[in-house]
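The values are calculated or read from the model by the stated rules, or taken from the named source; none is laboratory data. What you are looking at is a predicted structure, and each value in this text was computed from that prediction instead of being measured. Every residue, glycine among them, receives a Cβ derived from its backbone with ideal geometry; neighbour counts consider all protein chains shown. Areas reflect the complete protein model, heavy atoms only, side chains present, ligands, DNA and RNA absent. Shrake-Rupley method; radii C 1.70, N 1.55, O 1.52, S 1.80 Å.
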Amino acid sequence: YDGELYTMREGGQPQKVNVIIRTQEKNNADKFISINGGVREMAISPNGKEIAFVARGEVFVTSVDGSLTKRITNTPEAERFVTFSPDGKSVVYAAERDGKWSIFKTTRQREAQEPFFFASTLISEEPMISGEVDAYMPNFSPDGKKIAYIKDRRNLVVRDVASGAETVLLNQDDLFHMSDGDKYFTWSPDSKWLLVDWSKLLNNSEVLLMAADGSQRIN
């Protein structure tokens, strides 16, 4: 009765049972941690008003003055290689889910009312590139029509965003793997070429200029 235990013999009065429960010392392991350091990487939005960054394996977006910050991911897995889409409508990053790296994008659900990620209330995440092998280091072409990324750690791939068609620029015969994120490649302003830091051998590095459609390779 009222959260307590009683016994009562027929014709008698209820007798409260003295219950003793021995437990361990109370200890609240939850902590509020301020993100004021340990930022591993960051990306500036196309409009120059937001900064996406990775801290403690999570993706955040903050205003340039740091007055407002929005946590984008909340997962036990790691997130890395954060960037914005060229139109600024998506935050794109790689996440280690289900034992492999995949590329995800998060978008604002109330774009008209909430033009910034750092002040958004409703966001949604969806996989952008996911398969049986690792996919990370997303890098959009300036026109937003293509995305270059590393596939299965030793393949540089260009993917058409609309159709999903892929062109392999460098494969496992061209690239070796030492650690995740050890590749470098960047787009030309006209979205037709990629400049690639190519290490054919451990003792020497070269610069490759590669057509995004795989038709030309200059070193």
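Below is a table of values for the structure above.
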| item | result |
| --- | --- |
| Strands (runs of 3 or more DSSP E) enclosed by the range 1-103 - at least 1 residues per element that are aromatic (Phe, Trp, Tyr) and over 17 Å from SER120 (Cβ atoms) | 79-84 |
| Matching option when the condition is at pLDDT below 95 and of a type in the set (Asp, Glu), among ASP190, ASP134, ASP173 | ASP173 |
| Unique residue being polar (S, T, N, Q) and closer than 26 Å to THR107 by Cα when the list is THR167, THR186 | THR186 |
| Given (1) closer than 28 Å to MET137 by Cβ; (2) modelled with pLDDT under 90; (3) open to solvent by 80 Å² or more (accessible area, probe 1.4 Å), index of the condition ASN47 fails | (2) |
| Single residue of the range 140-198 satisfying the filter (more than 19 Å from SER102 (Cβ to Cβ) and basic (Lys, Arg)) that is nearest to the chain's Cα centre (by Cα) | LYS145 |
| Checking VAL158 against (1) of a type in the set (Val, Ile, Thr); (2) under 30 Å from GLY66 (Cα atoms); (3) surrounded by 14 or more Cβ atoms within 10 Å (Cβ to Cβ), the condition it does not meet | (2) |
| Criterion (over 18 Å from SER130 (Cβ atoms), open to solvent by 20 Å² or more (accessible area, probe 1.4 Å), assigned to a loop (DSSP other than H, G, I, E, B) and free of Cβ contacts under 8 Å to residues at least 40 places away in the same chain) met by exactly one of ASP182, ASP197, ASP190 | ASP182 |
| The lone exception for LYS146 - which of (1) under 23 Å from SER188 (Cβ atoms); (2) open to solvent by 50 Å² or more (accessible area, probe 1.4 Å); (3) out of contact with any Lys or Arg (no Cβ under 9 Å at 6 or more places or on another chain) it fails | (3) |
| Selection within the range 125-141 - open to solvent by 70 Å² or more (accessible area, probe 1.4 Å) and not in a strand (DSSP E or B) | SER130, GLU132 |
| Pairs, first free of Cβ contacts under 8 Å to residues at least 40 places away in the same chain and on the phi < 0 side of the Ramachandran plot in the range 202-219, second charged (D, E, K, R) and surrounded by 10 or more Cβ atoms within 10 Å (Cβ to Cβ), C-beta under 7 Å, six or more apart | SER205/ASP197; GLU206/LYS200; VAL207/ASP197; LEU208/ARG217; ALA211/LYS192; ASN219/GLU206 |
| Residues satisfying the stated conditions in the range 168-179, i.e. part of a strand (DSSP E or B) and surrounded by fewer than 17 Cβ atoms within 10 Å (Cβ to Cβ) | VAL168 |
| Residues located in the range 164-212, provided they are in contact with a strand residue (DSSP E or B) (Cβ under 8 Å, 6 or more places away or on another chain) and polar (S, T, N, Q) | THR167, ASN171, GLN172, THR186, SER188, SER191, SER199, SER205 |
| Of the criteria (1) at pLDDT 95 or above; (2) in a loop (DSSP other than H, G, I, E, B), which one ILE150 fails | (2) |
| Boolean, GLU114 is surrounded by fewer than 19 Cβ atoms within 10 Å (Cβ to Cβ) and either touching a residue at least 12 places away in the same chain (Cβ under 8 Å) or under 10 Å from the mean Cα position of the chain (by Cα) (or both) | no |
